[in-house]
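What follows draws every value from the coordinates through simple rules; no lab data is involved. The structure presented is a predicted model; accordingly, all values stated were derived computationally and were not measured. Please note: Cβ atoms are built from the backbone with ideal geometry, for glycine as well, and neighbour counts cover all protein chains shown.
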Amino acid sequence: MSTIVRRTQRKSNPQPAATAPTVGAPLPLRFMLLLGALVVAATVFGLLTEDAYRSVPDLTRSTWRAQDVVTLGSVPLLLWSSVRARSGSLAAHVVSVGVLTWLTYCYAHQALGVPFNAMFLVYVAIVGLAGFGTIDGLVRVDVVAVAPAFTRAPYRAGFWFLTIASVAIAGLWLSDIVPALSGGLPANIHLAELPNPTWVLDLAWIIPWALTAAWMLRRLHPAGPIIAGVMLVMLGILSVAMLTVTPVARLDGLGDNPEIRPQLIAFTVIFTILGAIEALLLATTQRRLSAIPDQWMRPGWWP
């Protein structure tokens, strides 16, 4: 009898319920607030401190100051898009990850290319936080769930733009690098004869990312619109930054320099065209979006 009772009790004992998956959520807002505060500190230092960018060519200094202006303006965009993403906006999430990608790219340049200054550890912290945020933001999106919303996205136009722009930029940098490999130095060498950080970041990271996004769009891969959208946001901010170089250089007294003026004209023409295409592709995609499912974000790490 006791054996029967024990068996009955054993069968009636409820098994532990399976743990429900954690509902997905973007990074905590305090993460973005901390990142934003660091970016504000770094950009204000660069804009107001006389020797922040010492020992560099005049146009390089103006370029970094122009990036500071645009990056400072990207902080409200980052915070706004992060809040909107937490309320369920996929478009805002893509924008926030695009801004994080820009911050990673921009401050990797600063950490590697700017002569050592009081903001060095801030630069490193921004690269770490923004880089982690970029990865986190990308892996959170359930690309299979959102794929039907992008059926009318401009896949072909995005493919051609990202492919042509990537190949052109790679060709430009390689035309400097390859002839110097047998001896001598490239024309666009950086400080103290170190390689230009732009070559490293573009050839190792940005160009492969853009080409991968183009390939995904070509193959109608469900991740294609998300990967390409983030890249287009990042490239759009870069275009605005490069367009800002001209007014900043003029304020710095470089507008009448006969050696620098052609470069400023080239910046204005090239990045006006690139920025317009990037904005058009993003606006067209947003306009053609179908209904986004409520559960577009994958279960994440943050409770």
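Here is how the numbers come out for the structure above:
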{"quantity": "Zero-based 10 Å bins, Cα pair distances in region 169-268, whole percents", "calculated": "13, 30, 35, 18, 4"}
{"quantity": "Spread of Cα-to-Cα distances over 10 Å intervals beginning at zero, given as percent, for region 58-137", "calculated": "19, 47, 26, 8, 0"}
{"quantity": "The chain: most fluctuating residue of Val97, Val69, Val56 per GNM, C-alpha cutoff 10 Å", "calculated": "Val56"}
{"quantity": "Residue order, fewest to most surrounding Cβ atoms within 10 angstrom, among Trp173, Trp64", "calculated": "Trp173, Trp64"}
{"quantity": "Amide H contacts under 5 Å for Met297, placed H, 5+ residues apart", "calculated": "Asp142"}
{"quantity": "At 1.306 mPa s and 10 °C, Stokes D of the chain from Kirkwood alpha-carbon radius, µm² per second", "calculated": "74"}
{"quantity": "Fewest-first sequence of Glu50, Glu259, Glu278 by Cβ atoms within 10 Å of each Cβ", "calculated": "Glu50, Glu259, Glu278"}
{"quantity": "Calculated Rg and Dmax of region 117-157 using C-alpha coordinates, Å", "calculated": "16.9, 49"}
{"quantity": "Centre separation in Å (Cα based) which lies between region 147-186 and region 188-258", "calculated": "10"}
{"quantity": "At 1.567 mPa s and 4 °C, Stokes diffusion of region 217-303 via Kirkwood alpha-carbon radius, µm² per second", "calculated": "82"}
{"quantity": "Gaussian network model of the chain, springs between alpha carbon atoms under 10 Å - residue of Asp142, Asp51, Asp256 with greatest fluctuation", "calculated": "Asp256"}
{"quantity": "Cα-centred dipole magnitude for the chain, charges only on beta-carbon of K, R (+1) and D, E (-1), debye, nearest 20", "calculated": "1940"}
